[in-house]
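Asker: For reference, the structure I am asking about is given below.
What follows draws every value from the coordinates through simple rules; no lab data is involved. Here the structure is a predicted model, which means the values were calculated and not measured. Here Cβ is always computed from backbone atoms with ideal geometry, including for glycine, and neighbour counts include all displayed protein chains.
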Amino acid sequence: MPDKFMISPFGEEHELFRQQCRRFVEKELAPHAMEWEEKKDFPNEIFRSVGDMGYHGILIPEEYGGSGGDYLMATVWCEEMTRIGSGGVSAGLGMHALIVLPAIARFGNEEQKKRFLAPGVRGEKIGALSLTEPVAGSDLANIRSTARREGDHYVLNGSKTFITNGSRADFVLVLCKTDPGAGYKGFSTLIVEKRMPGFFQGRPLEKLGWHAGDTAELTFENVAVPVANRLSEEGMGFYNAMANLEWERLMMALGTVYGAQLAFEKTKSYILQREAFGRPIGKFQVNRHKVVDMAVEIEAARQLNYHALRKLVNGEECAREVSMAKIFSSKMGDYVATTCLQLHGGYGYMREYGIERFFRDVRINSIGGGTSEILKEIVGRMMGL
Ligand SMILES: Cc1cc2nc3c(=O)[nH]c(=O)nc-3n(C[C@H](O)[C@H](O)[C@H](O)COP(=O)(O)OP(=O)(O)OC[C@H]3O[C@@H](n4cnc5c(N)ncnc54)[C@H](O)[C@@H]3O)c2cc1C
């Protein structure tokens, strides 16, 4: 999608992969987006058809059924998923394949990798990540869920909210406290599986956007979770949760920019064919300037994202760049969505044009995965403020 003069982080193999992803998304997923949005759900079989294409395994080593790709390949899939036109579907697929499975690949033991990765890559089992609780989101260290060790299992109690794939998940990574007095070393991550007695998965919550996506509450009432289901060592939970945050945040920023680009292109075509007062509305200077302003913002966000991506791919410290990229991209996404909707006039407010869906879906990006305020705190601290 970027113009030829832009410096792209992608090579030829990524571009070929992009074409393949795009064909699949445009043929198999995008045509159903409207129906899934109306139903506020999409079938679990979609995870399997995406698994058949190998896309859940991009970041998973070959020995566990993946393709052992890098963050650039994952970025391509992440960007192309925005063409589905349903943030909820992209979020569900992205959470499973690009956040949950890589966490197991990185921190899981051999037995856990065999048990969860292969069926996860095939899309037969769906994963979720649960950090947020009704009492603590930004302030994660303040979560209340606890797990008490009793012999070969933990007894888990607590609740989580806003969990992507929460209703449908077959397994959930749960951040909890195993030693509440031990500060950051008192957290652990347990893998809780569907139908474990005492584990309740709520129905999808009603929300502004991501309508097809499943965002749910989870409750744990004396759930006996085998010690064999603990991800990495006891006391490593907070570290597990933080370890991949840069990628998770960058994913959201990348999706925002790509989504904004699609809305922008749709709007640009629209204003060149929609006429008022005897000429296309795009020929009024005020609207031409709006389009250029959007192009500037989108391009600036993309370059900031790709700068952070290059650092991430090179294994460099990038918390500052990623935070800046997500702050900037979220703000840009809201601005582009509002402007595109305005340029569509009344049609922008109507469902069938897809702009109102982008307008609703894009709003999450300054909240999920770390709010813009929290990210500003991170950057501020790094600036010595
Ligand atoms: C659709 C959706 C999907 C989600 N998916 C998941 C998921 O899969 N897994 C998961 O674990 N979580 C998920 N979340 C939760 C998300 O990560 C949290 O909503 C987010 O981290 C913010 O936490 P909170 O909602 O508790 O807000 P709060 O932490 O209560 O924040 C409320 C407001 O206060 C501000 N604030 C808080 N602290 C400060 C501070 N120190 N300085 C300045 N301002 C501050 C925040 O920026 C925000 O504006 C999801 C949320 C949504 C809406």
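Asker: Can you tell me which of Ser49, Ser130, Ser330 moves the most in a GNM of the chain? Springs connect C-alpha atoms under 10 Å apart.
Answerer: In this elastic network of the chain, the residue with the biggest mean-square fluctuation among Ser49, Ser130, Ser330 is Ser49.
Asker: Sum up the charges of everything whose Cβ sits under 11 Å from the Cβ of Asp41, counting Lys and Arg as +1 and Asp and Glu as -1, but leave Asp41 out.
Answerer: Around Asp41, the surrounding residues sum to 0.
Asker: Just His32, His56, His96 to compare: in a GNM of the chain, with alpha carbon springs under 10 Å, which one fluctuates most?
Answerer: Most flexible of the set in this elastic network: His32.
Asker: A further question follows. What are the ³J(HN,Hα) couplings of region 190-199, residue after residue, when phi is run through the Karplus curve with 6.51, -1.76, 1.60 and θ = phi - 60°? Round to Hz, x for glycine and proline.
Answerer: Listing the rounded values in order: 10, 9, 9, 10, 3, 6, 5, x, x, 9 Hz.
Asker: What residues have an amide H closer than 5 Å to that of Arg144, excluding those fewer than 5 places away on the same chain, when H is modeled at 1.01 Å from N in the peptide plane?
Answerer: HN-HN under 5 Å from Arg144: empty list.
Asker: Continuing with this model, one more query. Under the classification rounded if a/c is under 1.5, otherwise prolate if a/b is larger than b/c and oblate if not, where does region 1-121 fall, given a ≥ b ≥ c as square roots of the Cα gyration tensor eigenvalues?
Answerer: Oblate, because a/c is 1.5 or more while a/b does not exceed b/c.
Asker: Taking the Cβ-Cβ separation of Phe200 and Lys40 as r and a Förster radius of 25 Å, what is the calculated FRET efficiency to the nearest 0.05?
Answerer: After rounding, the FRET efficiency stands at 0.80.
Asker: Specify the longest stretch of the chain that does not include any exposed loop site, a site being one of the trypsin sites (Lys or Arg not before Pro) with a non-H, G, I, E, B DSSP assignment and at most 13 other Cβ atoms within 10 Å.
Answerer: No qualifying site falls inside 196-385, the longest such stretch.
Asker: Then there's this: Based on DSSP H runs of at least 4 residues, each adding -39500 (n - 2.57), what is the mean residue ellipticity at 222 nm of the chain after dividing by all its residues, to the nearest 500 deg cm²/dmol?
Answerer: The helix contribution divided over the chain gives -14000 deg cm²/dmol.
Asker: Further, regarding this structure: Where does helix 245-273 land angle-wise versus the long Cα axis of the chain, in degrees 0 to 90, nearest 10?
Answerer: Helix 245-273 sits roughly 20 degrees off the main axis of the chain.
Asker: What does the charge count around Arg148 come to, taking other residues whose C-beta lies under 15 Å from its C-beta (Lys +1, Arg +1, Asp -1, Glu -1)?
Answerer: Result for the local shell: -1.
Asker: What is the sum of charges around Gly87, taking Lys and Arg as +1, Asp and Glu as -1, for the other residues whose C-beta is under 11 Å from the C-beta of Gly87?
Answerer: Cβ neighbours under 11 Å give a net charge of +2.
Asker: Simple spin-label model, 7 Å along Cα-to-Cβ: Glu12 to Phe277 in nm?
Answerer: A separation of 5.2 nm, rounded to one decimal place.
Asker: Output wanted: per-residue J couplings in Hz (rounded whole) for region 104-117, from phi through Karplus 6.51 cos²θ - 1.76 cosθ + 1.60, θ = phi - 60°, x for Gly and Pro.
Answerer: 5, 4, 7, 10, x, 8, 4, 5, 5, 4, 5, 6, 9, 6
Asker: Could you give me the ³J(HN,Hα) list for region 88-98, computed from phi with Karplus coefficients 6.51, -1.76, 1.60 and θ = phi - 60°, whole Hz, x at Gly and Pro?
Answerer: Calculated HN-Hα couplings, in order: x, 5, 4, 5, x, 5, x, 4, 4, 7, 9 Hz.
Asker: A further question on this structure: State, as an integer percentage, the relative contact order of the chain based on alpha-carbon contacts under 8 Å between residues 6 or more apart.
Answerer: 15
Asker: Between the helical axis of 372-382 and the dominant principal axis of the chain, each derived from Cα atoms, what acute angle in degrees is found, rounded to the nearest 10?
Answerer: The helix 372-382 is inclined about 80 degrees to the chain.
Asker: Also, I was wondering about something else. Give the aspartates and glutamates reachable from Lys40 as a straight Cα distance under 14 Å; neighbours fewer than 8 places away on the same chain don't count.
Answerer: By straight Cα distance, Lys40 reaches Glu206, Asp214, Asp361.
Asker: I need the shape label for region 191-323. Rule: rounded when a/c is under 1.5, else prolate if a/b > b/c, else oblate, with a, b, c from the alpha carbon gyration tensor.
Answerer: oblate
Asker: Here's a follow-up. 5 Å is the cut-off here: which amide hydrogens, built 1.01 Å from N in the peptide plane, fall below it relative to Arg230, excluding neighbours closer than 5 in sequence?
Answerer: Correct list: Ile191.
Asker: Below 8 Å between Cα atoms, with a sequence gap of 6+, how large is the relative contact order for region 244-382 in percent?
Answerer: 32
Asker: Looking only at Gly108, Gly278, Gly87, which one moves most when the chain is put into a Gaussian network model with springs between Cα atoms under 10 Å?
Answerer: Gly278
Asker: Treating the angle as unsigned and between 0 and 90°, give the value, to the nearest 10°, between the Cα long axis of helix 319-343 and the longest Cα principal axis of the chain.
Answerer: 40
Asker: Long-range amide H contacts for Phe162: which residues qualify at under 5 Å (H placed 1.01 Å from N, peptide plane, sequence gap of 5 or more or a different chain)?
Answerer: Those lying under 5 Å, H to H, from Phe162 are Ala216, Glu217.
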